[in-house]
Amino acid sequence: MTYILEGLKEAFVLIGNLDPEFLRVSWTSLWITGISVSVSAGLSLPAAFLIETKRFKGKSALVTVLNTLMALPTVVVGLLVYSLLCRKGLFGDLGLLYTPAAMIIGQVILASPIITALTVSSLEGADKRIRKTALTLGATELQSLMMLAHEARGLIASAVLAGFGRIFAEVGVSMMLGGNIRNYTRNITTAIAFETSRGEFALALALGIVLLIFAFSINLLLQLIRKKYV
């Protein structure tokens, strides 16, 4: 227990002194995850609205697939994208492997089913009369969808936050596609794994504390959103 207590003490010192390595790794996680969830939301939200508002064959099966993909293992995504981006892969000539771009691609694949499935579920629970009334009063299709989105805005925000939380704490995609390169692709989760393997518990614990703070903050935001809008 002594080394854990000493590690915690050193970890808080690193956080308090704003250690450069600690800040660099934390920032890498934040900006890569931020871009990933933004791209995912840009793709997933329109897709969710199309799935919910249109009738087509296989809709139920598609929703089932999306719900299944919410639990997609990160290492499976990492393996799939790696096979496409490696030197012998279909997109190997682009030189994306072991870059932030590769990590973003993998994280987008992880987050998109979550945001899509949760948004579809949110729209299913919204009052259908809102859109019908808007169309009856002369609103365009886009305007009616915007009104529906406004009605379900709290749950949609929760879906995006859930996607953020999923990819912020993942390690498989980041390790396999980013390569844990210092000052380039090393983020919080890969740094924790790397520093722990080296026996550097102080930095690993400091980053772990940040990870827990973000996880707690996301859950707190989700609770606040649900209380306000649900």
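Tabulated data
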item: Cβ-Cβ under 8 Å pairs, at least 6 apart or on other chains, region 67-88 side within 14 Å of Val171 (Cβ to Cβ), far side modelled with pLDDT of 95 or more and of a type outside the set (A, V, I, L, M); result: Thr74/Gly106; Val77/Gly106; Gly78/Gly106
item: Test: residue in region 171-186 that is under 21 Å from Lys227 (Cα atoms) and in contact (Cβ under 8 Å) with a residue 24 or more places away in the chain; result: no
item: Subset of region 196-218 [in contact (Cβ under 8 Å) with a residue 12 or more places away in the chain and either loosely packed, with under 12 Cβ neighbours inside 10 Å or within 30 Å of Leu123 (Cα to Cα) (or both)]; result: Phe214, Ala215, Ile218
item: Listing of helices (runs of 4 or more DSSP H) fully contained in region 123-230 that carry 3 or more residues being farther than 21 Å from Ser112 by Cα; result: 128-136, 141-151, 188-198, 201-229
item: Leu148 being in contact (Cβ under 8 Å) with a residue 12 or more places away in the chain, buried (at least 18 other Cβ atoms within 10 Å of the Cβ) and under 19 Å from Val39 (Cα atoms); result: no
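Yes/no per residue for (1) under 11 Å from Gly178 (Cβ atoms); (2) touching a Gly at 6+ places or on another chain (Cβ under 7 Å); (3) of a type outside the set (A, V, I, L, M); (4) surrounded by fewer than 21 Cβ atoms within 10 Å (Cβ to Cβ):
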{"residue": "Gly92", "(1), (2), (3), (4)": "no, no, yes, yes"}
{"residue": "Tyr98", "(1), (2), (3), (4)": "yes, yes, yes, yes"}
{"residue": "Val108", "(1), (2), (3), (4)": "no, no, no, no"}
{"residue": "Ala111", "(1), (2), (3), (4)": "no, yes, no, no"}
{"residue": "Gly125", "(1), (2), (3), (4)": "no, no, yes, yes"}
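The values are calculated or read from the model by the stated rules, or taken from the named source; none is laboratory data. None of these values were measured; they are calculated from a predicted model. All Cβ positions, even for glycine, are placed from backbone atoms using ideal geometry, and neighbour counts span all protein chains on display.
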